[in-house]
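The values are calculated or read from the model by the stated rules, or taken from the named source; none is laboratory data. In this text, all values refer to a predicted model and were calculated from it rather than measured experimentally. In this analysis, Cβ positions are derived from the backbone assuming ideal geometry, glycine residues included, and neighbour counts consider all displayed protein chains. Calculation scope for accessible area: heavy atoms of the full protein, side chains included, ligands and nucleic acids excluded. Shrake-Rupley method; radii C 1.70, N 1.55, O 1.52, S 1.80 Å.
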Amino acid sequence: LIPTGVHARRHGHHKRYDITTPLDLVAANPAGPVAASITAKLEAAFKPDVLDVVNESASHNVPRGSESHFKVVLVAHAFASVPLLERHRLVNEALADELKGPVHALSIVAKTPAQWAKASGAVPPSPPCLGGSKA
């Protein structure tokens, strides 16, 4: 598990939490247009309590500055009573345009607020990319 530091910020009537990501990923991949699009679409579709969009492209064999490999951590009340596989399908549907084009790989962590609290905000590492990584 990747330990995460969580910082609260107020956004409207609810708290939104940002997850601290490994500094090397953040430095190598500042938020670009694909990350911004992913964030906007997930915010609109799920009204999440927690949303973190991490560009993991720097750890893969892609050109510097690419936006092709992402991890999304999404915690929303909308996932209550929704099986895990269906949560992933809902996220994939919301990001259909990105998955047809620039996004090659998407790792999804989709939890209810109760599941997030029980996990203490711990996020598992993304699975290895079958297209090759820089390991």
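The table that follows gives values for the structure above.
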item: Qualifying position, being part of a helix (DSSP H, G or I), out of contact with any helix residue (DSSP H, G or I) (no Cβ under 9 Å at 6 or more places or on another chain) and loosely packed, with under 12 Cβ neighbours inside 10 Å, among Leu85, Leu130; result: Leu85
item: Residues satisfying the stated conditions in the range 67-82, i.e. open to solvent by 20 Å² or more (accessible area, probe 1.4 Å) and in contact (Cβ under 8 Å) with a residue 24 or more places away in the chain; result: Glu67, His77, Ala78, Ala80
item: Which numbered condition Glu98 misses (of (1) at pLDDT 90 or above; (2) open to solvent by less than 30 Å² (accessible area, probe 1.4 Å); (3) closer than 24 Å to Ala122 by Cα); result: (3)
item: Matching residues, the range 94-116, being over 25 Å from Ala58 (Cα atoms) and either assigned to a helix (DSSP H, G or I) or touching a Pro at 6+ places or on another chain (Cβ under 8 Å) (or both); result: Pro113, Ala114, Gln115, Trp116
